[in-house]
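A.B. asks: Have a look at the structure that comes next, please.
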Amino acid sequence: MWLLASLISLSLFLNGCTSGNAQFLKEATGHMTQEGITSKWGSPHEKNVIDTGEIWTYNFPRFDSMEHPVTCEGYKLRFDKERVLRDWSEFYC
């Protein structure tokens, strides 16, 4: 019983660690266009054109309780030629 309770607690904790940005991208993948992303996040920090579309990079600073930047949450978004978000990856910068 203790093991089951521990696994449930761990699962709830890990699900709570998903950032709002990652959740937004999960829901947007496959249907949101570049315009939709830009309306929420603004212009990307970097754009790269590839054969199959574009890759956009966003960097969001993370702050401690005193509002000092402590790390950076980054995302690479891949759009197809129709400008629809197809996949993305998260990285720390």
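A.B. asks: Could you figure out which of (1) at pLDDT below 95; (2) open to solvent by less than 50 Å² (accessible area, probe 1.4 Å) isn't true of S11?
C.D. replies: Condition not satisfied by S11: (2).
Here is a yes/no grid of residues against (1) out of contact with any strand residue (DSSP E or B) (no Cβ under 6 Å at 6 or more places or on another chain); (2) modelled with pLDDT of 95 or more; (3) of a type outside the set (A, V, I, L, M):
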position: C17; (1), (2), (3): yes, no, yes
position: Q23; (1), (2), (3): yes, yes, yes
position: E46; (1), (2), (3): no, yes, yes
position: V49; (1), (2), (3): yes, yes, no
position: F60; (1), (2), (3): no, no, yes
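A.B. asks: Need a quick list: strands (runs of 3 or more DSSP E) entirely within the range 40-93 having at least 1 residues that are out of contact with any Gly (no Cβ under 6 Å at 6 or more places or on another chain), among the aliphatic types (A, V, I, L, M) and open to solvent by 80 Å² or more (accessible area, probe 1.4 Å).
C.D. replies: 46-50, 69-80
The values are calculated or read from the model by the stated rules, or taken from the named source; none is laboratory data. Predicted, not measured: the structure shown is a model, and the values here were computed from it. So basically every Cβ, Gly included, is an ideal-geometry build from the backbone, and we count neighbours across all protein chains shown. In case anyone asks, the SASA skips ligands and DNA or RNA and just uses the protein heavy atoms, side chains included. Shrake-Rupley method; radii C 1.70, N 1.55, O 1.52, S 1.80 Å.
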